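Novice: For reference, the structure I am asking about is given below.
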Amino acid sequence: MSRIVTVYSSSLRPAREVEMGFIRWYRMSAALAGLGHSVDIASAELRRRLFRTVETVAPNLRIVPLSQVRWRDYDVVKTLFHSGFETLERYGGAEHPFIIAKLGSVVGPSDMDGVFFYGKQREEMFRTQERIARSSRYVTLLSQPAVDLWRSAHGSGTDVLVVPGAASAVIPPRKRSPYPQDGRAPIVFSGNFYSVRRGSQPEAHRILATKLNRLGALLHDCNARLHVVGTGDSGSLDSRYVSYRGEVPYEESWDYLFFAAVGIVLTAGGRMHNNESTKIYHYLRAGLPVVSEAGFPNDHVIPESRLGHIVENGDLEMMARRIAESIQAPWDRERAVRYILNRHTWEKRAEIYDRVLRASP
(Lines give C-alpha, C1' and ligand atoms only; values in the text may rest on other atoms or scores of the structure.)
Protein backbone atom coordinates (compact mmCIF):
# COMPACT_ATOMS: atom_id res chain seq x y z
CA MET A 1 0.00 0.00 0.00
CA SER A 2 1.12 3.56 -0.67
CA ARG A 3 1.58 6.48 1.65
CA ILE A 4 -0.17 9.42 -0.02
CA VAL A 5 -0.44 13.13 0.76
CA THR A 6 -3.18 15.16 -0.95
CA VAL A 7 -2.77 18.89 -1.59
CA TYR A 8 -5.27 21.53 -2.66
CA SER A 9 -5.89 24.81 -0.87
CA SER A 10 -3.34 27.17 0.68
CA SER A 11 -6.07 29.19 2.43
CA LEU A 12 -5.65 29.85 6.15
CA ARG A 13 -9.41 29.76 6.66
CA PRO A 14 -11.08 26.56 7.88
CA ALA A 15 -11.99 24.25 5.02
CA ARG A 16 -15.71 23.67 4.52
CA GLU A 17 -17.34 21.02 2.38
CA VAL A 18 -19.47 23.53 0.53
CA GLU A 19 -17.68 23.99 -2.79
CA MET A 20 -17.15 20.88 -4.94
CA GLY A 21 -13.37 21.30 -4.94
CA PHE A 22 -13.20 20.74 -1.18
CA ILE A 23 -15.80 17.97 -1.36
CA ARG A 24 -13.81 16.11 -4.00
CA TRP A 25 -10.56 16.63 -2.04
CA TYR A 26 -11.92 15.12 1.16
CA ARG A 27 -14.06 12.40 -0.43
CA MET A 28 -11.38 11.07 -2.75
CA SER A 29 -8.83 11.10 0.07
CA ALA A 30 -11.25 9.10 2.21
CA ALA A 31 -11.95 6.65 -0.63
CA LEU A 32 -8.22 5.98 -1.12
CA ALA A 33 -7.85 5.44 2.62
CA GLY A 34 -10.76 3.03 2.49
CA LEU A 35 -8.84 0.94 -0.03
CA GLY A 36 -6.02 0.55 2.48
CA HIS A 37 -3.64 3.36 1.51
CA SER A 38 -2.33 5.67 4.23
CA VAL A 39 -3.59 9.13 3.30
CA ASP A 40 -2.79 12.55 4.76
CA ILE A 41 -4.79 15.62 3.78
CA ALA A 42 -2.33 18.54 3.93
CA SER A 43 -4.26 21.50 5.34
CA ALA A 44 -3.02 25.09 5.54
CA GLU A 45 -5.64 26.14 8.10
CA LEU A 46 -4.24 28.70 10.53
CA ARG A 47 -4.93 26.63 13.65
CA ARG A 48 -2.99 23.71 12.21
CA ARG A 49 -0.13 25.99 11.22
CA LEU A 50 0.03 27.52 14.72
CA PHE A 51 -0.55 24.43 16.83
CA ARG A 52 0.70 21.73 14.44
CA THR A 53 -2.48 19.79 15.01
CA VAL A 54 -2.72 16.33 13.43
CA GLU A 55 -6.25 14.93 13.35
CA THR A 56 -7.13 11.30 12.65
CA VAL A 57 -10.54 11.37 11.01
CA ALA A 58 -10.88 7.71 9.93
CA PRO A 59 -8.73 4.59 9.66
CA ASN A 60 -5.74 5.39 7.43
CA LEU A 61 -6.89 9.02 7.06
CA ARG A 62 -5.44 12.09 8.76
CA ILE A 63 -5.48 15.87 8.35
CA VAL A 64 -1.97 17.27 8.83
CA PRO A 65 -0.46 20.78 8.80
CA LEU A 66 0.69 21.63 5.28
CA SER A 67 3.60 23.68 6.60
CA GLN A 68 4.99 20.62 8.42
CA VAL A 69 4.80 18.12 5.56
CA ARG A 70 8.05 16.33 4.69
CA TRP A 71 7.45 15.38 1.08
CA ARG A 72 10.09 12.63 1.05
CA ASP A 73 8.05 10.72 3.64
CA TYR A 74 5.37 9.97 1.02
CA ASP A 75 5.29 7.57 -1.90
CA VAL A 76 2.79 9.74 -3.79
CA VAL A 77 1.76 13.39 -3.81
CA LYS A 78 -1.70 13.98 -5.25
CA THR A 79 -2.66 17.57 -6.11
CA LEU A 80 -6.11 18.91 -6.89
CA PHE A 81 -6.69 21.49 -9.64
CA HIS A 82 -4.25 24.13 -10.83
CA SER A 83 -4.26 25.73 -7.38
CA GLY A 84 -3.29 22.45 -5.73
CA PHE A 85 -0.15 22.16 -7.83
CA GLU A 86 0.65 25.82 -7.19
CA THR A 87 0.27 25.14 -3.45
CA LEU A 88 2.68 22.22 -3.78
CA GLU A 89 5.21 24.49 -5.49
CA ARG A 90 4.81 27.14 -2.81
CA TYR A 91 5.58 24.61 -0.09
CA GLY A 92 8.57 23.06 -1.82
CA GLY A 93 7.14 19.72 -2.94
CA ALA A 94 7.12 20.04 -6.74
CA GLU A 95 10.34 18.01 -7.09
CA HIS A 96 8.70 14.86 -5.70
CA PRO A 97 9.26 11.91 -8.07
CA PHE A 98 5.64 10.67 -8.03
CA ILE A 99 3.09 13.46 -8.46
CA ILE A 100 -0.46 12.84 -9.63
CA ALA A 101 -1.91 16.19 -10.69
CA LYS A 102 -5.69 16.24 -11.04
CA LEU A 103 -7.19 19.08 -13.15
CA GLY A 104 -10.83 20.12 -13.35
CA SER A 105 -10.34 22.19 -16.50
CA VAL A 106 -7.70 22.18 -19.19
CA VAL A 107 -6.96 25.44 -20.98
CA GLY A 108 -5.21 25.84 -24.30
CA PRO A 109 -2.45 28.20 -25.42
CA SER A 110 -5.11 30.67 -26.59
CA ASP A 111 -8.69 31.50 -25.68
CA MET A 112 -11.22 29.05 -27.10
CA ASP A 113 -14.95 28.34 -27.15
CA GLY A 114 -16.25 26.12 -24.38
CA VAL A 115 -13.37 26.85 -21.98
CA PHE A 116 -14.42 29.73 -19.76
CA PHE A 117 -11.05 31.11 -18.79
CA TYR A 118 -9.73 34.05 -20.75
CA GLY A 119 -6.82 36.43 -21.13
CA LYS A 120 -4.35 36.69 -18.27
CA GLN A 121 -6.15 34.12 -16.11
CA ARG A 122 -6.03 31.55 -18.92
CA GLU A 123 -2.37 32.36 -19.60
CA GLU A 124 -1.44 31.82 -15.94
CA MET A 125 -3.30 28.51 -15.89
CA PHE A 126 -1.55 27.39 -19.07
CA ARG A 127 1.86 28.17 -17.58
CA THR A 128 0.92 26.07 -14.53
CA GLN A 129 -0.05 23.23 -16.87
CA GLU A 130 3.36 23.44 -18.52
CA ARG A 131 5.02 22.98 -15.13
CA ILE A 132 2.64 20.12 -14.33
CA ALA A 133 3.57 18.43 -17.59
CA ARG A 134 7.26 18.64 -16.68
CA SER A 135 6.91 17.52 -13.06
CA SER A 136 4.07 14.99 -12.84
CA ARG A 137 4.07 11.27 -13.45
CA TYR A 138 0.32 11.31 -14.09
CA VAL A 139 -2.23 13.96 -14.96
CA THR A 140 -5.85 13.19 -14.06
CA LEU A 141 -8.57 14.65 -16.29
CA LEU A 142 -12.34 14.43 -16.32
CA SER A 143 -13.14 13.41 -19.88
CA GLN A 144 -11.82 12.43 -23.29
CA PRO A 145 -12.23 15.99 -24.69
CA ALA A 146 -10.00 17.18 -21.85
CA VAL A 147 -7.45 14.49 -22.74
CA ASP A 148 -7.49 15.57 -26.38
CA LEU A 149 -6.89 19.22 -25.44
CA TRP A 150 -4.11 18.27 -23.03
CA ARG A 151 -2.37 16.17 -25.67
CA SER A 152 -2.64 18.90 -28.30
CA ALA A 153 -1.24 21.49 -25.88
CA HIS A 154 1.38 19.48 -23.97
CA GLY A 155 2.14 16.37 -26.00
CA SER A 156 2.23 12.79 -24.78
CA GLY A 157 5.11 12.96 -22.31
CA THR A 158 2.88 12.62 -19.24
CA ASP A 159 0.60 9.64 -18.64
CA VAL A 160 -3.07 10.58 -18.39
CA LEU A 161 -5.79 9.09 -16.21
CA VAL A 162 -9.48 9.78 -16.86
CA VAL A 163 -11.23 10.03 -13.50
CA PRO A 164 -14.65 11.73 -13.65
CA GLY A 165 -16.48 13.17 -10.68
CA ALA A 166 -18.73 11.07 -8.46
CA ALA A 167 -21.21 11.02 -5.60
CA SER A 168 -21.01 9.51 -2.14
CA ALA A 169 -22.03 5.89 -1.69
CA VAL A 170 -23.21 6.55 1.88
CA ILE A 171 -25.37 9.64 2.34
CA PRO A 172 -27.38 11.08 5.25
CA PRO A 173 -31.00 10.02 5.73
CA ARG A 174 -33.85 12.29 4.70
CA LYS A 175 -34.71 14.77 7.42
CA ARG A 176 -37.09 17.61 6.59
CA SER A 177 -37.86 19.75 3.60
CA PRO A 178 -35.88 23.01 3.45
CA TYR A 179 -38.36 24.48 0.96
CA PRO A 180 -41.30 26.79 1.76
CA GLN A 181 -44.72 25.22 1.72
CA ASP A 182 -46.05 27.65 -0.89
CA GLY A 183 -47.81 25.20 -3.18
CA ARG A 184 -45.13 25.46 -5.87
CA ALA A 185 -43.02 22.47 -6.86
CA PRO A 186 -39.39 23.11 -5.81
CA ILE A 187 -36.90 22.85 -8.67
CA VAL A 188 -33.24 22.90 -7.64
CA PHE A 189 -29.99 24.02 -9.22
CA SER A 190 -27.30 22.84 -6.83
CA GLY A 191 -23.70 23.87 -7.42
CA ASN A 192 -21.26 26.64 -8.25
CA PHE A 193 -22.64 29.38 -10.48
CA TYR A 194 -19.49 31.52 -10.17
CA SER A 195 -19.25 35.29 -9.76
CA VAL A 196 -18.15 38.51 -11.42
CA ARG A 197 -14.99 38.87 -9.38
CA ARG A 198 -11.53 38.36 -10.80
CA GLY A 199 -10.23 34.85 -10.31
CA SER A 200 -13.67 33.34 -10.78
CA GLN A 201 -15.36 32.84 -14.15
CA PRO A 202 -17.36 36.04 -14.79
CA GLU A 203 -18.43 35.12 -18.32
CA ALA A 204 -19.70 31.72 -17.18
CA HIS A 205 -21.51 33.45 -14.31
CA ARG A 206 -23.20 35.92 -16.63
CA ILE A 207 -24.47 33.17 -18.91
CA LEU A 208 -25.65 30.94 -16.05
CA ALA A 209 -27.40 33.77 -14.19
CA THR A 210 -29.21 34.83 -17.37
CA LYS A 211 -30.39 31.27 -17.96
CA LEU A 212 -31.43 30.77 -14.35
CA ASN A 213 -33.50 33.95 -14.40
CA ARG A 214 -35.19 33.06 -17.69
CA LEU A 215 -35.92 29.50 -16.62
CA GLY A 216 -37.18 30.71 -13.25
CA ALA A 217 -39.70 32.96 -15.00
CA LEU A 218 -40.88 30.10 -17.20
CA LEU A 219 -41.27 27.80 -14.20
CA HIS A 220 -43.20 30.49 -12.34
CA ASP A 221 -45.88 30.14 -15.01
CA CYS A 222 -45.88 26.35 -14.42
CA ASN A 223 -46.59 26.66 -10.68
CA ALA A 224 -43.00 25.76 -9.82
CA ARG A 225 -40.20 27.69 -8.14
CA LEU A 226 -36.50 27.59 -8.98
CA HIS A 227 -34.13 27.37 -6.00
CA VAL A 228 -30.36 27.85 -6.30
CA VAL A 229 -28.07 26.22 -3.73
CA GLY A 230 -24.34 26.78 -3.80
CA THR A 231 -21.48 29.18 -4.30
CA GLY A 232 -21.87 32.23 -6.52
CA ASP A 233 -22.83 35.89 -6.85
CA SER A 234 -26.51 35.88 -5.89
CA GLY A 235 -26.84 39.57 -6.77
CA SER A 236 -27.30 38.56 -10.41
CA LEU A 237 -30.34 36.39 -9.67
CA ASP A 238 -33.86 37.77 -10.15
CA SER A 239 -35.52 37.23 -6.77
CA ARG A 240 -38.98 37.42 -8.34
CA TYR A 241 -38.41 34.04 -9.94
CA VAL A 242 -35.32 32.52 -8.32
CA SER A 243 -34.76 31.85 -4.62
CA TYR A 244 -31.14 31.79 -3.53
CA ARG A 245 -30.71 29.35 -0.62
CA GLY A 246 -27.06 30.16 0.06
CA GLU A 247 -24.00 27.99 0.59
CA VAL A 248 -25.01 24.79 2.34
CA PRO A 249 -22.63 22.27 3.99
CA TYR A 250 -22.38 19.02 2.08
CA GLU A 251 -24.15 16.86 4.65
CA GLU A 252 -27.08 19.30 4.83
CA SER A 253 -27.28 19.77 1.07
CA TRP A 254 -28.82 16.35 0.51
CA ASP A 255 -32.20 17.48 1.86
CA TYR A 256 -32.32 20.04 -0.96
CA LEU A 257 -32.11 17.10 -3.36
CA PHE A 258 -34.35 14.67 -1.45
CA PHE A 259 -37.24 17.13 -1.24
CA ALA A 260 -36.93 18.77 -4.66
CA ALA A 261 -39.23 17.75 -7.50
CA VAL A 262 -36.56 18.02 -10.22
CA GLY A 263 -32.85 18.86 -10.38
CA ILE A 264 -31.62 20.96 -13.28
CA VAL A 265 -28.29 21.29 -15.08
CA LEU A 266 -27.36 24.30 -17.21
CA THR A 267 -24.28 24.87 -19.32
CA ALA A 268 -22.30 28.10 -19.41
CA GLY A 269 -22.24 27.91 -23.20
CA GLY A 270 -23.13 25.78 -26.18
CA ARG A 271 -20.69 23.01 -25.29
CA MET A 272 -18.56 22.50 -22.21
CA HIS A 273 -15.27 21.48 -23.74
CA ASN A 274 -13.90 19.45 -20.84
CA ASN A 275 -15.89 20.26 -17.70
CA GLU A 276 -18.44 17.65 -16.74
CA SER A 277 -21.38 18.26 -14.39
CA THR A 278 -20.79 16.59 -11.03
CA LYS A 279 -24.28 17.60 -9.91
CA ILE A 280 -25.73 14.97 -12.27
CA TYR A 281 -24.22 12.19 -10.12
CA HIS A 282 -25.53 13.79 -6.93
CA TYR A 283 -29.07 14.33 -8.21
CA LEU A 284 -29.30 10.71 -9.34
CA ARG A 285 -27.75 9.40 -6.12
CA ALA A 286 -30.61 11.12 -4.28
CA GLY A 287 -33.17 9.60 -6.66
CA LEU A 288 -33.99 13.02 -8.09
CA PRO A 289 -35.16 13.33 -11.72
CA VAL A 290 -32.76 15.42 -13.83
CA VAL A 291 -33.44 17.78 -16.70
CA SER A 292 -30.23 18.97 -18.32
CA GLU A 293 -29.14 21.09 -21.23
CA ALA A 294 -27.06 19.11 -23.70
CA GLY A 295 -23.37 19.90 -23.80
CA PHE A 296 -21.62 18.10 -20.94
CA PRO A 297 -19.21 15.18 -21.48
CA ASN A 298 -21.19 13.11 -18.96
CA ASP A 299 -24.64 13.73 -20.49
CA HIS A 300 -24.92 10.01 -21.16
CA VAL A 301 -25.38 9.28 -17.46
CA ILE A 302 -28.94 10.67 -17.53
CA PRO A 303 -30.43 8.36 -20.21
CA GLU A 304 -28.43 5.42 -18.89
CA SER A 305 -29.99 5.94 -15.44
CA ARG A 306 -33.48 6.40 -16.96
CA LEU A 307 -34.24 9.22 -14.58
CA GLY A 308 -34.53 12.41 -16.58
CA HIS A 309 -34.25 14.22 -19.88
CA ILE A 310 -31.64 16.03 -21.96
CA VAL A 311 -32.87 19.01 -23.99
CA GLU A 312 -31.29 20.92 -26.82
CA ASN A 313 -28.82 23.49 -25.57
CA GLY A 314 -30.38 26.92 -25.19
CA ASP A 315 -34.00 25.76 -25.52
CA LEU A 316 -35.20 26.89 -22.09
CA GLU A 317 -38.87 26.73 -23.13
CA MET A 318 -38.50 23.02 -23.85
CA MET A 319 -36.55 22.63 -20.64
CA ALA A 320 -39.45 24.13 -18.66
CA ARG A 321 -41.86 21.74 -20.39
CA ARG A 322 -39.66 18.75 -19.61
CA ILE A 323 -39.41 19.85 -15.98
CA ALA A 324 -43.20 20.11 -15.74
CA GLU A 325 -43.52 16.60 -17.22
CA SER A 326 -40.90 15.22 -14.89
CA ILE A 327 -42.70 16.46 -11.79
CA GLN A 328 -45.58 14.07 -12.54
CA ALA A 329 -43.76 11.19 -14.26
CA PRO A 330 -43.75 7.68 -12.64
CA TRP A 331 -39.97 7.29 -12.41
CA ASP A 332 -38.12 4.22 -11.18
CA ARG A 333 -35.93 6.20 -8.78
CA GLU A 334 -34.39 3.18 -7.07
CA ARG A 335 -33.04 1.94 -10.37
CA ALA A 336 -31.19 5.22 -10.86
CA VAL A 337 -29.75 5.05 -7.35
CA ARG A 338 -28.46 1.53 -8.00
CA TYR A 339 -26.98 2.72 -11.28
CA ILE A 340 -24.93 5.39 -9.47
CA LEU A 341 -23.86 3.03 -6.70
CA ASN A 342 -22.63 0.49 -9.22
CA ARG A 343 -20.69 2.93 -11.42
CA HIS A 344 -20.21 6.47 -10.15
CA THR A 345 -19.15 6.67 -6.50
CA TRP A 346 -15.91 8.05 -5.06
CA GLU A 347 -14.96 4.50 -4.18
CA LYS A 348 -15.35 3.42 -7.81
CA ARG A 349 -13.21 6.36 -8.94
CA ALA A 350 -10.54 5.60 -6.32
CA GLU A 351 -10.15 2.10 -7.80
CA ILE A 352 -8.59 3.71 -10.89
CA TYR A 353 -5.82 5.20 -8.74
CA ASP A 354 -5.52 2.01 -6.74
CA ARG A 355 -4.77 -0.05 -9.86
CA VAL A 356 -2.07 2.43 -10.93
CA LEU A 357 -0.47 2.53 -7.49
CA ARG A 358 -0.42 -1.24 -7.11
CA ALA A 359 1.23 -1.60 -10.53
CA SER A 360 3.89 1.06 -9.86
CA PRO A 361 7.33 -0.02 -8.61
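Novice: Across segment 76-107, what is the total count of residues that are under 19 Å from the mean Cα position of the chain (by Cα) and closer than 15 Å to Arg137 by Cα?
Specialist: Qualifying residue count for the region: 8.
Novice: What number goes with the only condition from (1) outside any loop (DSSP other than H, G, I, E, B); (2) touching a residue at least 40 places away in the same chain (Cβ under 8 Å); (3) in contact with a helix residue (DSSP H, G or I) (Cβ under 7 Å, 6 or more places away or on another chain) that Ile327 does not pass?
Specialist: Every condition holds for Ile327 apart from (3).
Novice: Is it the case that some residue within segment 228-235 is touching a Gly at 6+ places or on another chain (Cβ under 9 Å) and either closer than 30 Å to Ser152 by Cβ or assigned to a loop (DSSP other than H, G, I, E, B) (or both)?
Specialist: yes
Novice: Further, regarding this structure: Step by step: first the residues of segment 96-106, then only those that are touching a Ser or Thr at 6+ places or on another chain (Cβ under 9 Å) and part of a loop (DSSP other than H, G, I, E, B), then the one that is surrounded by the fewest Cβ atoms within 10 Å (Cβ to Cβ). Which residue is that?
Specialist: Top of the filtered list is Phe98.
Novice: So, in segment 321-358, of the ones that are in the same structural domain as Gly308 (by TED's automatic domain parsing) and of a type in the set (Gly, Ala, Ser), which residue ends up surrounded by the fewest Cβ atoms within 10 Å (Cβ to Cβ)?
Specialist: Restricting to residues being in the same structural domain as Gly308 (by TED's automatic domain parsing) and of a type in the set (Gly, Ala, Ser), the top hit is Ala329.
Novice: Name the single residue, out of those in segment 305-324 being touching a Leu at 6+ places or on another chain (Cβ under 7 Å) and in a helix (DSSP H, G or I), that is farthest from Ser168 (Cα to Cα).
Specialist: So the residue we want is Glu317.
Novice: Just one of the numbered conditions (1) touching a residue at least 24 places away in the same chain (Cβ under 8 Å); (2) crowded, with 18+ Cβ neighbours inside 10 Å is not true of Pro249; which one?
Specialist: Here Pro249 meets the rest and fails (2).
Novice: Output yes when any residue across segment 109-129 is without any contact (Cβ under 8 Å) to a residue 24 or more places away in the chain, more than 24 Å from Arg13 (Cα to Cα), under 20 Å from the mean Cα position of the chain (by Cα) and not assigned by TED's automatic domain parsing to the domain that holds Tyr194, and no when none is.
Specialist: Yes; the residues of segment 109-129 include at least one that is without any contact (Cβ under 8 Å) to a residue 24 or more places away in the chain, more than 24 Å from Arg13 (Cα to Cα), under 20 Å from the mean Cα position of the chain (by Cα) and not assigned by TED's automatic domain parsing to the domain that holds Tyr194.
Novice: All but one of (1) in contact with a Ser or Thr (Cβ under 7 Å, 6 or more places away or on another chain); (2) under 24 Å from Arg197 (Cβ atoms); (3) surrounded by fewer than 21 Cβ atoms within 10 Å (Cβ to Cβ) hold for Thr87; which doesn't?
Specialist: Of everything listed in (1) in contact with a Ser or Thr (Cβ under 7 Å, 6 or more places away or on another chain); (2) under 24 Å from Arg197 (Cβ atoms); (3) surrounded by fewer than 21 Cβ atoms within 10 Å (Cβ to Cβ), Thr87 misses just condition (3).
Novice: Collect the residues in segment 90-144 that are closer than 18 Å to Lys78 by Cβ and among the charged types (D, E, K, R), keeping them in residue-number order.
Specialist: Within segment 90-144, Arg90, Glu95, Lys102, Arg131, Arg134, Arg137 qualify.
Novice: Scanning for something in a loop (DSSP other than H, G, I, E, B), in contact with a strand residue (DSSP E or B) (Cβ under 6 Å, 6 or more places away or on another chain), surrounded by 15 or more Cβ atoms within 10 Å (Cβ to Cβ) and not aliphatic (A, V, I, L, M), does segment 297-304 turn up at least one residue?
Specialist: Yes: segment 297-304 contains one or more residues that are in a loop (DSSP other than H, G, I, E, B), in contact with a strand residue (DSSP E or B) (Cβ under 6 Å, 6 or more places away or on another chain), surrounded by 15 or more Cβ atoms within 10 Å (Cβ to Cβ) and not aliphatic (A, V, I, L, M).
Novice: Continuing with the same structure: Output the number of the condition that Gly93 fails; it satisfies all remaining conditions of (1) modelled with pLDDT under 95; (2) surrounded by 15 or more Cβ atoms within 10 Å (Cβ to Cβ); (3) part of a loop (DSSP other than H, G, I, E, B).
Specialist: (1)
Novice: Report, ordered by the first and then the second residue, all pairs with beta carbons closer than 9 Å, sequence separation of six or more or different chains, a first member in segment 337-361 that is more than 17 Å from Leu257 (Cβ to Cβ) and hydroxyl-bearing (Ser, Thr, Tyr), and a second member that is modelled with pLDDT under 95 and surrounded by fewer than 17 Cβ atoms within 10 Å (Cβ to Cβ).
Specialist: none
Novice: For segment 333-340, check the following and say yes or no: at least one residue is assigned to a loop (DSSP other than H, G, I, E, B) and either among the β-branched types (Val, Ile, Thr) or within 30 Å of Phe98 (Cα to Cα) (or both). Reasoning before the result, please.
Specialist: Kept after step one, since they are assigned to a loop (DSSP other than H, G, I, E, B), are these residues of segment 333-340: none.
So far as segment 333-340 goes, no, none of its residues is assigned to a loop (DSSP other than H, G, I, E, B) and either among the β-branched types (Val, Ile, Thr) or within 30 Å of Phe98 (Cα to Cα) (or both).
Novice: Quick one: which of Ser156, Ser168 is under 30 Å from Ile327 (Cβ atoms) and either surrounded by fewer than 22 Cβ atoms within 10 Å (Cβ to Cβ) or of a type in the set (D, E, K, R) (or both)?
Specialist: Selected residue: Ser168, the only one of Ser156, Ser168 that is under 30 Å from Ile327 (Cβ atoms) and either surrounded by fewer than 22 Cβ atoms within 10 Å (Cβ to Cβ) or of a type in the set (D, E, K, R) (or both).
Novice: Only one residue in Arg206, Arg134, Arg174, Arg214 is outside the structural domain of Glu247 (by TED's automatic domain parsing), surrounded by fewer than 21 Cβ atoms within 10 Å (Cβ to Cβ) and part of a helix (DSSP H, G or I), so which one is that?
Specialist: Arg134
Novice: Here is a check on your reading of the model: is Ile280 within 19 Å of the chain's Cα centre (by Cα) and in the same structural domain as Ala30 (by TED's automatic domain parsing)?
Specialist: no
Novice: Go through segment 1-61 and tell me which strands (runs of 3 or more DSSP E), entirely inside it, have 3 or more residues that are surrounded by 17 or more Cβ atoms within 10 Å (Cβ to Cβ).
Specialist: 3-7, 38-43
The values are calculated or read from the model by the stated rules, or taken from the named source; none is laboratory data. Keep in mind that this is a model prediction, so the values were computed, not measured. So basically every Cβ, Gly included, is an ideal-geometry build from the backbone, and we count neighbours across all protein chains shown.
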